[in-house]
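So the structure is just underneath, and the comments pick up after that.
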Ligand SMILES: [Zn+2]
């Protein structure tokens, strides 16, 4: 059961709220690119536009990447990526000159950047419940992003006797349930109880506990 979303806004909204504690949590966005060409200066969300300001290193000669003197390590461009988080369209600029998508894009070819990806991560300070999205992939010869989904998600449930960690692994279609000793916070069962993925109601603690106990009893 993939946990997917229509757009980045829905993904951010999901990640920024802990349903167990009913509290908001800070979302981190981490960029990575396969060829290690980018350095992220900052990112912002304003008027439904997610903007990344990055330095794009042009290592068109591979030996430049290895130079000790950073100022001689190839050409640096300012790379700005603006993504509409509602309609999934994006555009980017390199060194201030707008490169329309689907155009020849000379600069990007020269710099060797064809794709990049980022993922969202958030952790709740109250319960330690966390969520990590799958990579959101951006191919610079396209103009739309298609895939928004979760990779893993953790819920921590406090019970009278023991606590539980409910670990969703969306890509493997399983939930791993760990029993946690309240006294020392260690896992009681070294191997988790593995179940096929299914929805669990985390909005009401009593319901969640009763559902988990039923699942454990009948497994
Ligand atoms: Zn929480």
Within region 16-29, residues being outside any strand (DSSP E or B) and touching a strand residue (DSSP E or B) at 6+ places or on another chain (Cβ under 7 Å) number 4
Here the residues within region 143-174 that are under 14 Å from residue 205 (Cβ atoms) and not in a strand (DSSP E or B) are 158, 159, 160
Going through (1) over 30 Å from residue 43 (Cβ atoms); (2) crowded, with 17+ Cβ neighbours inside 10 Å one by one, residue 185 fails only at (2)
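Conditions (1) at pLDDT 95 or above; (2) surrounded by 12 or more Cβ atoms within 10 Å (Cβ to Cβ); (3) within 16 Å of the ligand (Cβ to nearest atom); (4) part of a helix (DSSP H, G or I), marked per residue:
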| site | (1), (2), (3), (4) |
| --- | --- |
| 10 | yes, yes, no, yes |
| 14 | yes, yes, yes, yes |
| 31 | no, yes, no, no |
| 35 | no, yes, no, no |
| 39 | no, yes, no, no |
| 43 | no, yes, no, no |
| 56 | no, yes, no, no |
| 64 | no, yes, no, yes |
Is it the case, given these coordinates, that residue 177 is surrounded by 19 or more Cβ atoms within 10 Å (Cβ to Cβ), more than 19 Å from the chain's Cα centre (by Cα), without any contact (Cβ under 8 Å) to a residue 40 or more places away in the chain and not assigned by TED's automatic domain parsing to the domain that holds residue 16? yes
Just one listed residue, out of 189, 184, is closer than 18 Å to residue 214 by Cα, part of a loop (DSSP other than H, G, I, E, B) and away from the ligand (no atom under 16 Å from the Cβ), and it is 189
Within region 118-132, restricting to residues that are in contact (Cβ under 8 Å) with a residue 40 or more places away in the chain and surrounded by fewer than 21 Cβ atoms within 10 Å (Cβ to Cβ), the one that is farthest from the ligand (Cβ to nearest atom) is 119
- Would a scan of region 195-216 turn up a residue that is more than 17 Å from residue 16 (Cα to Cα), in a strand (DSSP E or B) and in contact with a strand residue (DSSP E or B) (Cβ under 9 Å, 6 or more places away or on another chain)? yes
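The values are calculated or read from the model by the stated rules, or taken from the named source; none is laboratory data. What you see is a predicted model, and the numbers here were worked out from it, not measured in a lab. Don't worry about glycine lacking a Cβ; one is built from the backbone with ideal geometry, like all the others, and counts go over all protein chains shown.
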